[in-house]
Amino acid sequence: MLHEAVHIGIENTIVSKYGLSHWTKERIVDQFMIRHFMDVCPDYRMQSNAETDIDIIFWEADTWDNLPERVRRYASR
C-alpha cells in the first residue's frame, strides 16, 4: 500500500510533468521506500528491472526536499 501511495503522490507533479518512463517512476518509488519506510517494511526489495540511471539524483543530500527540481534537471539532460 505504501508503494502505491508514493506512486499517487508523484504521478501528476513529477511523472506526468516530466514524461518519465514506467521503470524510471518505479525506481523513484523504490528509492523512496528504501530510504523512508525500511523500518515499517524491512523486507521491501527494489525491483530489478527498474531504470537505474535516475539514481544519480539521489547522490545529492537534499534530493527528497527538492524532488521535482532534481527530476526536472535529470529529465532535461
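The numbers here are math on the coordinates, done by the rules we state, and not lab data. Since we're looking at a predicted model, the values are computed, not measured. Note: ideal-geometry Cβ built from the backbone for every residue, glycine included; neighbour counts use all protein chains shown.
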> Does segment 1-50 hold any residues that are of a type in the set (Phe, Trp, Tyr) and closer than 23 Å to Ala61 by Cβ, and which are they?
Replying inline: Tyr18, Phe32, Phe37, Tyr44
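Does Ile57 count as touching a residue at least 40 places away in the same chain (Cβ under 8 Å) and within 12 Å of the chain's Cα centre (by Cα)?
When the stated conditions are applied, Ile57 does not pass them.
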